[in-house]
Amino acid sequence: MKSHEFLTENINPQVFRRGFERSKEIMGGKYSLTATHDMLPYSPTKKINQSENFIITAYARKGKMQVGQVTFKVTDDNLEAVFVTVKPEFRRQGIAKAMYLFAKELGNEIIPSSMRIYNGDDFGKGISDIYKGGNVSEAAPRFREVEKYDGVIDGIRYVPTEAITPYEDLKSQWQTIRAVMKDDNKTEEQWAAWWLKGRENIPAEVQWWGSNGWELTLVDGHHRYIAAQILKVPLRVEVTAYGVPVEYIERFIVNNDEELRQFGRKYVR
């Protein structure tokens, strides 16, 4: 069912509309949640104001680090989660349950998901009081595998810097780099070569969230990123996927390997 087709008191239609955004802090401000509509469908002839899904994202470090996400769609005049993930080191703290509760607070009834999430059935039972009817054992079908992947992607070891979006503003890093270059009387290329020497095999930390399409986000290793960018060489990375469609990963690896060949055999798996 499309979001513009439902009229039911079980769903708040506002959560699917362009510009919708609500936020709240949880656990005494340790984490925060933000609810927004999902990506809006593309139309070349008219402006689309309704999304088919809506998303709740969990953040740590005062909104600086994304640690979890749940995507809801409309199923039988209720909401159903089609994608749920929390970074492993942040699990078993109640973040996933808090995201579900926030969706309910926004005026939505939630039914058990037919998708597999981490710890599948155990998680479903843990939030049974949130579900419409309050009984997961009667309402939920058995979990089935979804073609999405969570974890480190072994097939991606290097990527061109153009394929990565830095999480942080690089101005402060550049200020530090220029100060070092001035003190050591180095050019940009000399600094970059010096910085990567002995560090190029240390992977920069990159995250790939399925809800962000093809965007890979650099979360650690910004100096190495800048050095690789200066020298126009690929960056050694460790890419961790969070709910990325397997098809996307397979296509990315093929295209990435093709791009890397122009830099030499060193960078190709």
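Brief remarks on what is shown
- Residue within segment 253-265 that is under 25 Å from TRP174 (Cα atoms) and either assigned by TED's automatic domain parsing to the domain that holds TYR59 or surrounded by fewer than 19 Cβ atoms within 10 Å (Cβ to Cβ) (or both) present: no
- Only one entry in THR161, THR176 is of a type in the set (Val, Ile, Thr) and modelled with pLDDT of 90 or more, namely THR161.
- When the residues of segment 177-201 are filtered to those that are surrounded by 12 or more Cβ atoms within 10 Å (Cβ to Cβ) and among the β-branched types (Val, Ile, Thr), the one that is nearest to the chain's Cα centre (by Cα) is ILE177.
- Checking each residue in segment 54-84 for being at pLDDT 80 or above and under 21 Å from GLU147 (Cβ atoms) picks out ILE55, GLY68, GLN69, VAL70, THR71, PHE72, LYS73, THR75, GLU80, ALA81, VAL84.
- Among the residues of segment 69-88, those that are charged (D, E, K, R) and either crowded, with 19+ Cβ neighbours inside 10 Å or part of a strand (DSSP E or B) (or both) comprise LYS73, GLU80.
- Candidates LEU170, LEU218, filtered to the one that is out of contact with any His (no Cβ under 9 Å at 6 or more places or on another chain) and of a type in the set (A, V, I, L, M, F, W, C): LEU218
- Candidates SER23, SER51, SER32 - the one that is modelled with pLDDT of 90 or more, surrounded by 13 or more Cβ atoms within 10 Å (Cβ to Cβ) and in contact with an Asp or Glu (Cβ under 6 Å, 6 or more places away or on another chain): SER32
- Selection from segment 240-252 of residues that are touching a residue at least 60 places away in the same chain (Cβ under 8 Å), of a type outside the set (Val, Ile, Thr) and either closer than 22 Å to THR187 by Cβ or assigned to a helix (DSSP H, G or I) (or both): GLU247, PHE252
- For segment 89-115, the candidate set comprises residues that are of a type in the set (Gly, Ala, Ser) and farther than 17 Å from VAL74 by Cβ; within that set, the residue that is surrounded by the fewest Cβ atoms within 10 Å (Cβ to Cβ) is GLY94.
- Any hit, segment 217-229, residues being surrounded by fewer than 20 Cβ atoms within 10 Å (Cβ to Cβ) and closer than 24 Å to VAL82 by Cα: yes
- Those residues of segment 72-87 which are in contact (Cβ under 8 Å) with a residue 24 or more places away in the chain and of a type outside the set (Val, Ile, Thr), in sequence order: PHE72, ASP76, ASP77, ASN78, LEU79, GLU80, ALA81, PHE83, LYS87
The values are calculated or read from the model by the stated rules, or taken from the named source; none is laboratory data. Because the structure is predicted, anything quoted here is derived from the model rather than measured. Positions of Cβ are backbone-derived with ideal geometry, glycine not excepted, and every protein chain shown enters the neighbour counts.
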